[in-house]
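The values are calculated or read from the model by the stated rules, or taken from the named source; none is laboratory data. Nothing here was measured: the structure is a model prediction, and the numbers come from that model. No Cβ is skipped: glycine too gets one built from the backbone with ideal geometry, and neighbour counts run over all protein chains shown. Each accessible area value is taken on the protein alone, full model and side chains, heavy atoms only, with ligands, DNA and RNA left out. Shrake-Rupley method; radii C 1.70, N 1.55, O 1.52, S 1.80 Å.
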Amino acid sequence: MNRRVAIRNMALILGSAAVLPSCLNDKGKPVVQLKHLKIDADQETLVNNLTETILPKTDTPGAGELGINLFVFKMIDDCYDKEHQQDFIAGLGDFAAEAKKQLGKSFNECTAKERTTFVSAIDKNSKDEKYKDNTKLIAFYRMVKDQTVFGYTTSKYFMTKQIVYELVPGRYNAYFPVKKHAAV
């Protein structure tokens, strides 16, 4: 065997062994790296599914396609104070527990129809006595919903395809008729 070929093969094997762990996605770690929020992959998936349930794909792109789920995480991580971030994490746990209790399985395992029904019930009944003692769940849901809607209405897609955004309101029209007023 040629010594150069053996050294090259050994280098390829060692290089592959060093790179392989970064290629395999650990299911316990979230894809999104946040500074203040500590979430795992299941929690990240739950929020992603919730944003997709709030803003599903129809004839327009859904939340996942527009990256709204990443926007929600970024806004809550960067723009909310520590107290609201703690409410978000606590509400996330409460939301997952309530979904498990009502649906018999985790929110991530549910079908789109089951998710929609569950989220609609939370949205409609948030003022009922059923959720009065679970304010963290309601706070979590409202944070995610508000940021999903805000992310969508400020997205490039919405600003260019749904509404025509004008940087400066009003346009200059040189042919606009001017009324002659009498001198005062």
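Percent of accessible area on segment 42-184 owned by carbon and sulfur, 1.4 Å probe? All intermediate terms of the calculation are to be shown ahead of the outcome.
Details: 5200 of 9370 Å².
The computed percentage sits at 56.
Apply the Karplus parameterisation 6.51 cos²θ - 1.76 cosθ + 1.60, with θ equal to phi minus 60°, to every residue of segment 113-124 and state each ³J(HN,Hα) to the nearest whole Hz, in sequence, with x for glycine and proline.
Couplings: 5, 5, 4, 4, 4, 5, 5, 4, 5, 5, 5, 6 Hz.
Could you work out how far apart the two model spin labels at residue 103 and residue 116 are, taking each label as a point 7 Å from the Cα in the direction of the beta carbon, and quote it in nm?
For residue 103 paired with residue 116, the spin-label model returns 1.4 nm.
What number comes out for the charge environment of residue 70, summing +1 per Lys or Arg and -1 per Asp or Glu over other residues with Cβ under 11 Å away? Before the final figure, lay out each step's value.
Values: positive: 74; negative: 44, 77.
Taking every Cβ under 11 Å from that of residue 70, the sum is -1.
Within 12 Å, Cβ to Cβ, of residue 10, how many net charges do the neighbouring residues add up to if Lys/Arg are +1 and Asp/Glu are -1? Walk me through the intermediate numbers first.
Details: positive: 3, 4, 8; negative: none.
Taking every Cβ under 12 Å from that of residue 10, the sum is +3.
Subtracting the Cα-Cα distance from 0.36 nm times the residue separation, let me have the gained length for residue 176 to residue 150 in nm, one decimal. Mind showing how you got there, number by number?
Details: separation 26, 0.36 × 26 = 9.36 nm, distance 3.65 nm.
Here the segment from residue 176 to residue 150 would lengthen by 5.7 nm.
So what's the net charge close to residue 116: Lys and Arg +1, Asp and Glu -1, counting the other residues with Cβ under 11 Å from its Cβ?
Once all neighbours under 11 Å are counted, the net charge is -1.
By average Cβ neighbour count within 10 Å, what is the ranking of 49-62, 147-160 from highest down? Present the calculation step by step, with values, prior to reporting the outcome.
Details: 49-62: 17.9, 147-160: 15.6.
Packing order, densest peptide first, comes out as 49-62, 147-160.
What length, rounded to one decimal in nm, is gained on full extension from residue 78 through to residue 13, with 0.36 nm per residue of separation minus their alpha-carbon distance?
Numbers: separation 65, 0.36 × 65 = 23.40 nm, distance 4.11 nm.
Full extension of this stretch gives 19.3 nm more.
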